[in-house]
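Notes follow the structure.
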Amino acid sequence: MTLTGKFVLLVISPFATPVMAKKLDYEYCKAAPMLEWLGNKWALVVLVKISENEPMRFNELYRNIPSVSEKVLSQVLRQLTTDGIIRRELFPDVPPRTEYSVTEFGKTLLPHVEALLNWGRENFEQIMENRQNAIK
């Protein structure tokens, strides 16, 4: 049998350390991890929600972010935890509870996220007008 193209084998193990999928060339662009967060529709939303209400539990996040699925929220939390942006703390209560908060490292990212959000708010009307003009 001849195989052409590239194939990737993904093995998912409950014992494996979560590692973010390598999407961009990290050697070429040291900003690649940040670009991956920006490219993820939910990553910055989750970060902002946690920073505004920390600590937060999973279900609390899930209720406060409309239209995100549990699976996607779980993946985003895992990604941000792996990268050291948020902290996951497990409490041995009955039933067990898990809380998420922003790490000191993650707090260094927040002013930049806020600047992006402000730019978006300030330019919202112009962006919408540009989109309308592109349709015509």
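What to note about this one:
- Separation of the residue 116 and residue 97 label points, Cα + 7 Å toward Cβ, nm: 3.1
- Nearest-0.05 FRET efficiency for residue 30 and residue 81, computed from C-beta distance (R0 30 Å): 0.90
- Within the accessible area of the stretch 20-108 (1.4 Å probe), percent carbon and sulfur: 54
- Taking label positions 7 Å along the Cα-Cβ direction at both residue 133 and residue 57, the computed distance is 5.0 nm, reported to one decimal.
- Entry comment: accessible area of the stretch 32-136 is 66 Å² per residue, from protein heavy atoms only and a probe of 1.4 Å.
The values are calculated or read from the model by the stated rules, or taken from the named source; none is laboratory data. Quantities reported herein were computed from a predicted structural model and do not represent experimental measurements. FYI the Cβ positions are ideal-geometry reconstructions off the backbone, even for glycines, and counts take in every protein chain you see. Accessible surface areas use protein heavy atoms only, side chains included; no ligands, DNA or RNA. Shrake-Rupley method; radii C 1.70, N 1.55, O 1.52, S 1.80 Å.
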